[in-house]
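A short reminder: the numbers here are calculations on the coordinates, not readings from a lab. Only a predicted model underlies this, so the values are computations on that prediction, with no experimental measurement involved. Every residue, glycine among them, receives a Cβ derived from its backbone with ideal geometry; neighbour counts consider all protein chains shown.
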Amino acid sequence: MKTYSCFLKTITLVILTLFSFKSLAQNEKQEESKNLDRKSLFFDYRGTNVIEAAIGTSNINGDLPDPMFELAFRVGYKRSLSPHVNIGLTYNKFNLAFKDIYNEGFMSFDVNLEYLIFPYKNFSPFMFAGGGLNASNYFTQTAAKFQGGAGFEIIVAPGMGLRMLADYNYVLSDTLDGRIYGASDDAYWRILVGVNMYFGGRDKKDKILKGSPSIMNSNPIIKEN
């Protein structure tokens, strides 16, 4: 009798253990499915390629008094390395001016790494940093520079985001304002509003969704014969 009771307890323990492992496996599959579905949201809002355009203002921090806000604009292309990170190249055209003294046109070619904080949501802050080449009109003067900045983006339609950003540009030259003075190099700010147009990534989204098991598949009700 004791042997029979012990046998029943053993069988019960084995069955409970098997059900526990099955339940754990199903939970892991469901969690994996949720993560994959979340990753696919990136392609509902954005894409792997981006064309950007923006317009705004620039302001110099140089050796002369009374800096003025002048017109600035940019166009560029970015490529997503991951949902959070992209690399981009932009062409920027802008003026730098001091009141009644100086007004000169410039351009810059910038390469940036950008970090998107909430890539799976329609609103996300972002930050970026990189380097580039600064040049006056007709390339009469050129200098390397470093830049960094931050902003935010709102997705207003699938594949279309409105953005506002500000960047600080430190030029490795003290001749940006036409005057060499002091121990520090010249710098300038830009504040811009613009649009990102996303495209590409449909294949990646399909691949993600194909690798996402449904709850029905991970916990079938009817067994196939």
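Modelled this way, with points 7 Å down the Cα-to-C-beta line, the labels at residue 127 and residue 146 are 1.5 nm from one another.
Checked against a 22 Å cut-off, the cross-linked pairs 93/145; 99/145; 78/145 give Cα-Cα distances beyond that limit for 99/145. Relative contact order of segment 48-199, taken over Cα pairs closer than 8 Å and 6 or more residues apart, is 24 percent. Taking the fewest neighbouring Cβ atoms within 10 Å as the starting point, the ordered list for 186, 110, 44 is 44, 110, 186. Residue order for 156, 171, fewest other beta carbons within 10 angstrom first, comes to 156, 171. Taking the fewest neighbouring Cβ atoms within 10 Å as the starting point, the ordered list for 87, 155 is 87, 155.
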